[in-house]
Each structure stands twice: as structure tokens, then as C-alpha cells.
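Accompanying notes for the structure given below.
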Amino acid sequence: MNEVTREFLLETHENLGQLEGDLIALEKDPTEKQTLARVFRNLHTVKGSAGFLGLAKLQAVAHSAESLLSRLRDGELTFNPPIATALLQTIDSIRQVLASVESEAGEGSGNYSNLVRELDRLRETGGTAETPAVVARTMVAPIEPVPLTSAAITSPGPGTSFVQEATEPRAQSVSDSSIRVDVGLLDKLMNLVGELVLARNQIMQFSSSQENAAFLGTVQRLNLLTTELQANVMKTRMQPIGNIWSKFPRVVRDLALACGKQVRIDMEGQETELDKTIIEAIRDPLTHMVRNAVDHGIESPSTRLERGKLAEGRLSLHAFHEGGKVIIEINDDGGGIDPIRVRDKAIKVKAISPEEAVRMNERELVNLVFLPGFSTTEKVTHFSGRGVGMDVVRTNIERIGGSVELESQPGLGTTVKMKIPLTLAIIPALTVTSGGERYAIPQVSLLELVRLEGDQVKQRIESIHGFPVYRLRGNLLPLVYLNKELRTGDIRSAESEINIVVLHADDRQFGLVVDAIHDTEEIVVKPLQKQLKGVNVFAGATIMGDGRVALILDVLGIAQRANVVTGARVRALTEQNAQTSDASSNAKQSLLLFSIRDGGRMAIPLSIVARLEEFPFGSLERTGDQFVVQYRGEILPLVDVARQLNAEGGRAEGIPLASDTVQVVVYAGSERQVGLIVGSILDIVDEEIIATSRSSRSGVLHSAIVQGRVAEFLDVEGLVSRAS
Amino acid sequence: MANERQLCTFTLGDQYFGLDVLKVQEIIRAQEMTRVPLAHPVVRGLINLRGQIVTAIDLRRRLDMPDRPSELLPVNIVVQTDDGAVSLLVDEIGDVLEVSESAFERPPETLRGTARELILGAYKLKDRLLLVLDTERTVTLTNPNTRLERSE
């Protein structure tokens, strides 16, 4: 293929994308003059290039379309649905021709004379209501539903057909400051950067034993450069999600028309960026869910009106960054998913037992639609196919390290929420040791680290129905012993210390017990070869700084293997929780009880307490009006609770009494840590908060009965901000 | 098709094997390996080959032979496959032999089971039989979890 043809294909594909979007916009707002002018110019360009390259059929089609548009542009005709349909089909036809040209088969064998005739007819008459159906049947084949199978979603090879993947200009005008780059080249760059990061890690390790200052300075510089290079190369591969979304208005329009429904699509966050490989992986699942929403979610206009809704249904897509991931929400205001119907269907297909079903709440029931072979629609339609969709969608999202969940309100609508990692190749990970081997745990799954020593080991680890659990701030955390799951060792009962890595997978939390915990570092993820593909507890492997290979744990895989995401463990836990909690709706809270100098009894939630410390009085220092203490290499500001409370009430108090030691509750504030000086620590209790009375003084949130006596609940944040 | 081909030869126990030399990337001595828990028993571990992570397959296990004695260190034959480089662990490396097609025979009847699937044929040499391995098939493992676990 020569250069000229290649350029033509690339440019025309870009133009077509723009054209399609413009046509859909025009259908909604037919008087938008600028859009109309742009559409005309685009088609004019296509016609010209087609003529230059000797593509007669293409030229003929483009010519008819351009003539029609000329009348529209001049205001002699008004844009209406039949015109829109014909023009959109023109775009499909042009795409067909381009595909044929690309495969070196000339213009192809398509016959577009019907289309040309229709375009000419519309140019003459302006379009009447009864033609679109005829047009639809005789022209380009209707949009085929994408069969969604696991095989269809594979990791893309480098340099796939560039004609399909031309990046669309983000701004409306073509900008001179951008350049087209072959995808394969970017992949190569990414690989090289990955290797560089590995080498950098190794050099960093060696350098820790070196003392030559000049050498260390250079190593540091190398470190900084590599980090920046990595960040920038990763940016080159980021694409806005709008690239996939841009097709949806057309998909929705055509599908709604075919189903006899009215659907409006709103998109927010099109500029949210994702790595290219991830965008490829979610393209089909997203399309499927959009189709589902139109086909099954949104009701027919008459049903909607009966229900008091607007005849036009609304489908909204919202993408944004949060917590190191990209969140994509697809929301429709349709009929929602009835948890009862889902439950009954699930029982019928024996996916769950009636006993299990009784224990599930609405959210869990609705999410049963992710089970294989599930579909509650009585009619299997041509458009979305069978209910094989959702489980394949979930599998494919999870394969790239993401998660997907459903939320629904019967009669009101459904929301699908997807969480996707930003990138796959280089990630921060925590290194741990278990059974004599090192493993890496992706930081994105990490919640916190817990260490139990001595007596705590026996006391804090309980056993429920034979499963070990740890009570973490009132919640029962199922424990998974990595040694045991990997069969590299056994649970040793007489341990003097336990290290727990609290992880989350699929919206559930669990604690992974390991032998030792090391550092966090950036690692390059290398996929496992096919001989190891069946081992789902590992997500890949990496080369550590010392050159040795370490396996990367797949958190979801381990959780599934240990049965902590569904099934036995969770059931046992929810049973336990059900037994121990009262019928009342108040949940138990973990509280720290303490007294303050004037004898008052106070409480704060244990969840905001970072640590309890004791300092000798002499270690307190004064800066201006405030007391501070040197703590873990930093300066910890102190707030004297009694003094602050009394200062509000007007009773002046001097500095704390000079006792031997001062009790400090270290509170992890939103910006930094603060130490609260208290009188003495009384207890840590789990208590249901009942009978609260309103705040008695400023600095106190409310009072309640705790352990049989009244305690005031401290307004920690308020106090801290007033004191500083 | 050429009349002669070159085979990289090696031993496993008292048996003599060869594979197409064009598939062999390199031969290296025993490397530090990272075990992969829960993997197919035939996979001994992963090695770091100049920045590439290569899966190491124990050929004795792959051919259902008893494990080599622990004091005997294996040799790595790194082969190129569709899925990247894979290392085959063997007992000892032999010479690169030129063999002629005329000496090629179908696999002996005495071969059963896995060996029969992986062996393309044999060459009758002066004093022994040289069994030729199908490299692609050798590195393809199916049903990884249905095999019985072997104790390490």
C-alpha cells in the first residue's frame, strides 16, 4: 500500500469518527449551524480524496450525501431522523469501502446504489416518516451484537491495525502540537523503561554498601531520572476513555430506535485517562453493559409514562480517578433489577441453595447476576444476546485487576460500578516472606499492617466455626495463613509473634498471615508463562533488587482459594455477627475510655486512635503556647484535653501537674498526628451507643452510657483545630 | 528438506536424548531458582536470565522418570518457544551431533505414556539409541491441576 493511500485511510477514519458524533448531535439539535458546516466540509473532503484515488463508488456515495447536506446547510431542508439514518448509513458504507481498500481488495463488492437513491430522494423531498424501515432493511447490514466471550478479549499484540485505532484529536480543532506514533513503538519504549527500572533497583541495592560520595551522588541522579522517565513514558500510553465512549451515542441511538425506546446518553469524565492496554480490555465489557441498559434496563416509553417517569430514558456514564484507580459508573433510570426475581432464578438454576438465599441482603442478591449462565429476562433479544454477558464481563474486568459491582433499586434504575487499576506494568508493592520465600503484594490491595506479639497472639486471634479470625476495631477479619494456602508450611500454634497484612479483594477484607514484612518498592510486573497460567494465586513475577525472582501474589486469587470472598468463611462470620449483635439497629463501636485531670470520664472511637503512649514529664517541651514532644523522629504537637475543655468554660488551668509520666493518646488527624494529653487510660470497650444526650459543653459531642456510667464523647477534631 | 540435521544431545539417567539445535538459545549451569508453589510439579521454578524471567521445566519429571539424586546438579538448556524462552533441566549435556535422515526411526514400541507423546523418533547410533524430543510439545503442559502432587 502506498503512502498516499495509507494517509487517506488514517485521515478518513478520523473524519468518520468526528462525523458520526456530529450527526448524532445534529439529530438532537438540528439547528446547530457550525456542526452542520463541519459535517458538510468533512464529506466534501472525503469526496475529493476518493476522486483523487479513483474510488468511484465512494465518490458517488459521498457526492450524494454532500448534495443532501448542501441543502441542509443552506436551510432549505431540516435535519430529521430519516435524514440522520441515511447519513449514518452513509458512514457505515464508507467504512466498508475503507476496510476493503485496507485489505488491498479495491473498493469491494458492496452495492450502494440503494443508498445513493435514498440520499437523492431525501434531497428532493426532505424525508417523510415511513421510509426509514425500508432503508434499514435494504442497506448496510444492521449492527451485529458483539458476541462477548472470553476469547474475544485477549491482550492486544503490538502494532494492531492502526486504521482502527487512530487517536482522535481531543480538542475540536486539529492541534499542531501532537504527533502520531506507532503503538508497537510505545510498547517497546515501555518495556525498555521496565528493564531500566529493574537495573536501577539493582544499582540502588549495590550502592547501599558503597561510600564513595561522587558515586552515590550519581546513583541518586540516576534514580531521579529513571523515576521521571518512567512517569513520562507511562503518560504516553495513557488515553482518554472518551476514545471508547465516542462510539456509544451511535450504539445507543441505533439500539433505542430498534427497540422502540427513547434513550438519552450523558457522558461525564471523557478525559479520564487509562493505559492503552486497559482501554482495550474494557472496550467490549463497557459496550455490552451499555447495550444491556438500553435493551433490558430502560423501559418502553409507554411503560415509563405509566410509572410517572419521562418517556425518554437516561443512561449516564461517569468516569473519574479515585484512590489509585479509575472508577467507571454506568447508571440508567430504568426498571432496575428485582432482587426477588434474581434470587428465585438463582435457586432455580441451583446456583445457590434456599438457605443461603435467605441470608443474603438485597445487594448480594442483585450481584448474583454475575453468576455464569444467568439471565432473568424472559425474552432473549437479538441485541444483547443471552445472559452470558455479566459473568464474562466480570471475568474480563478482574483479569486486568479490576472489579465490577451492581447496585439497583427496583423501579428506579441500576448502577454498574467498575474499578480499574491505572496501569499494569510498574506497580508499588510490599515485600513479605513466607515459608522461606519472598513474595510481592501489590500496594493497591493493601489496607494496613498489624503485628501481634506475645500474649496478644493467643488473645486476639479467635476461632469461629474452625476459621481463625482477628477482631480489627470491632470487625471480624478472616485470617488466611499464606504458608498454608501455598502449602509451603503449616500454621504453627505456638507463635510468639504474628504479622498480618490486611488486604481487600472484591469489596471484602481479610488478613494474610506471613512470616515477615519488608519494604515497599516499585516493581516491574512480568507475566507468567503459559506453563503457569492455571495458578491463580499469582499475578506475575518480578526481579528484586538482588537479582532473584519473586512471585507477585494475586490477592483476589488467594482470597478465592481460601474461600474468604464468598462461601464458607463469610457465612460463618455473618452467622457469628448475627448471633452476637442485638436486635437493635445500633452497631457496637469500639471505644477508648479515659479520664482527664478534673476527673471527667471521656470516650473517643478507637478507630481514630493511632497509638497510646507514655512520656516522662521532663520530655515535654514548650514552643510558644504549646507543648510538644519528640516522637519517632518527629515533633508531635500536644493538646492538653483538660485545659482545652476548661478554657472554654472559663476556668483557667495552668500547665499539667508535674507527675512522673504523662499519658498521651496519639490521634491520627487528617494532616498530621496530634497527641492528646489525658489523665489516665481506663479501658477499651465495645459498646452500643444508646441514650445519648446532647453536648454539655463545647469540645464535647454528646454523652452516653458506657459500661454503666456516663461518659462524654470528645470532639477531637474540634478541639485540635481550636488549640492550634 | 535437508538430509542431515543437527541435534543438541543430553542425558537423563541412562537415556540419551536430542533436540533440534536451532531451537536451543543457550546452555547454562544450574541457576538459583525461585519455586512456584501450587504449580505443576514438572515446573521446578523460575530463573532470572539477564532480566528475563524464564520457567524451568524438569525433563525427568516431564518424562515420568524418577527425580535425579539431590547431589547431582542439573544443567539448563534454554529453548525458544512460541511463548518465549523456557529452560529444560537435564542431567548432563552432550555434543552437538549431525545425524542423517536415513538413520531416523519411529519411536520404539517399548515407549509408553508421556514419553510416547513427546518423542518424535530415534536415531540408531553406533552404540546406543538417540531419542528425539518434540520441543513444543515438551513445554506444553495440560491439565496442570489434575496430576497428583509429588512430594518435594
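Taken over region A:441-465, residues that are aliphatic (A, V, I, L, M) and farther than 30 Å from A:Val524 by Cα amount to 4. Cβ-Cβ contacts under 6 Å between residues 6 or more apart (or on different chains), taken from a first residue in region A:514-530 that is under 30 Å from B:Ala85 (Cβ atoms) and not assigned by TED's automatic domain parsing to the domain that holds A:Met204 to a second residue that is of a type in the set (D, E, K, R) and modelled with pLDDT under 90, are listed as A:Gln529/B:Asp83; A:Lys530/B:Asp83. The residue pairs whose first member lies in region B:126-152 and is closer than 17 Å to B:Val21 by Cβ, whose second member is in a loop (DSSP other than H, G, I, E, B) and at pLDDT 90 or above, and whose beta carbons are closer than 9 Å, counting only pairs six or more residues apart or on different chains, are B:Leu133/B:Leu63; B:Thr138/B:Leu63. With respect to the conditions (1) assigned to a loop (DSSP other than H, G, I, E, B); (2) in contact with a Pro (Cβ under 6 Å, 6 or more places away or on another chain); (3) of a type outside the set (D, E, K, R), A:Gly489 falls short on a single one, namely (2). Looking at region A:346-355, is at least one residue in the same structural domain as A:Lys309 (by TED's automatic domain parsing), within 28 Å of the chain's Cα centre (by Cα) and in a helix (DSSP H, G or I)? Yes; the residues of region A:346-355 include at least one that is in the same structural domain as A:Lys309 (by TED's automatic domain parsing), within 28 Å of the chain's Cα centre (by Cα) and in a helix (DSSP H, G or I).
Answer yes or no as to whether B:Glu71 is farther than 17 Å from B:Gln15 by Cβ, out of contact with any helix residue (DSSP H, G or I) (no Cβ under 7 Å at 6 or more places or on another chain), free of Cβ contacts under 8 Å to residues at least 24 places away in the same chain and acidic (Asp, Glu). Yes, satisfied. For region A:411-451, taking the residues that are away from chain B (no Cβ under 14 Å) and of a type in the set (S, T, N, Q), the one that is farthest from A:Leu482 (Cα to Cα) is identified as A:Thr414. Remark: pairs (first residue in region B:93-107, modelled with pLDDT under 90; second residue surrounded by fewer than 10 Cβ atoms within 10 Å (Cβ to Cβ) and not small (Gly, Ala, Ser); Cβ separation under 7 Å; 6+ apart in sequence or on different chains) = B:Ser100/B:Asn3; B:Glu101/B:Asn3. Among the residues of region A:519-538, those identified as assigned to a strand (DSSP E or B) and under 20 Å from A:Asn483 (Cα atoms) are A:Asp519, A:Phe538.
Examine region B:114-129 for a residue that is within 14 Å of another protein chain (Cβ to nearest Cβ) and surrounded by 21 or more Cβ atoms within 10 Å (Cβ to Cβ), and state whether such a residue exists. The answer is no; no qualifying residue exists.
One residue stands out in region A:510-564 among those that are of a type in the set (Gly, Ala, Ser), touching a strand residue (DSSP E or B) at 6+ places or on another chain (Cβ under 9 Å) and over 15 Å from A:Ala429 (Cα atoms): the one that is farthest from the other protein chains (Cβ to nearest Cβ), namely A:Gly511.
Just give me the residues in region A:671-711 being part of a loop (DSSP other than H, G, I, E, B), of a type in the set (S, T, N, Q) and at pLDDT 80 or above, in sequence order. Selection gives A:Gln707 alone. Just so you know, in region A:184-240 the residues that are over 30 Å from the mean Cα position of the chain (by Cα) and among the β-branched types (Val, Ile, Thr) include one that is farthest from the other protein chains (Cβ to nearest Cβ), and it is A:Thr218. Put simply, of A:Gly75, A:Gly54 the only residue that is closer than 19 Å to A:Gly106 by Cβ and either outside any helix (DSSP H, G or I) or outside the structural domain of A:Leu10 (by TED's automatic domain parsing) (or both) is A:Gly54. Just one of (1) under 30 Å from A:Gln239 (Cβ atoms); (2) in contact with a strand residue (DSSP E or B) (Cβ under 7 Å, 6 or more places away or on another chain) fails for A:Ala505. It is (2). Of everything listed in (1) assigned to a strand (DSSP E or B); (2) within 26 Å of A:Phe713 (Cβ to Cβ), the single unmet condition for A:Asp598 is (1). The requirement of being exposed (fewer than 14 other Cβ atoms within 10 Å of the Cβ) and more than 14 Å from every other protein chain (Cβ to nearest Cβ) is fulfilled somewhere in region B:30-51, by at least one residue.
Return the residues of region B:105-123 that are in a strand (DSSP E or B) and within 19 Å of the chain's Cα centre (by Cα); say none if nothing qualifies.
Selection gives B:Ile119, B:Leu120, B:Gly121, B:Ala122, B:Tyr123.
Before we move on, is B:Val42 touching a residue at least 60 places away in the same chain (Cβ under 8 Å) and of a type in the set (A, V, I, L, M, F, W, C)?
Spelling it out, B:Val42 is indeed touching a residue at least 60 places away in the same chain (Cβ under 8 Å) and of a type in the set (A, V, I, L, M, F, W, C).
Restricting A:Ile241, A:Ile203 to those that are touching a strand residue (DSSP E or B) at 6+ places or on another chain (Cβ under 8 Å), of a type outside the set (S, T, N, Q) and modelled with pLDDT of 85 or more reduces the list to A:Ile241.
Only one entry in A:Ser70, A:Ser93 is under 27 Å from A:Arg6 (Cβ atoms) and assigned to a helix (DSSP H, G or I), namely A:Ser93. Considering (1) away from every other protein chain (no Cβ under 14 Å); (2) surrounded by 15 or more Cβ atoms within 10 Å (Cβ to Cβ); (3) under 30 Å from A:Val524 (Cα atoms), the lone condition that A:Pro468 does not fulfil carries the number (3).
Among the residues making up region B:52-110, those that are away from chain A (no Cβ under 14 Å), surrounded by 11 or more Cβ atoms within 10 Å (Cβ to Cβ) and small (Gly, Ala, Ser) are B:Gly94, B:Ser100, B:Ala103.
Taking each residue of region A:272-290 that is on the phi > 0 side of the Ramachandran plot and touching a residue at least 24 places away in the same chain (Cβ under 8 Å) and looking for partners that are outside any strand (DSSP E or B) and buried (at least 22 other Cβ atoms within 10 Å of the Cβ) with beta-carbon atoms closer than 8 Å, six or more apart or interchain, yields nothing.
The values are calculated or read from the model by the stated rules, or taken from the named source; none is laboratory data. Bear in mind the structure is a predicted one, so any value in this text is a computation, not a measurement. All Cβ positions, glycine included, derive from the backbone under ideal geometry; neighbour counts span all protein chains shown.
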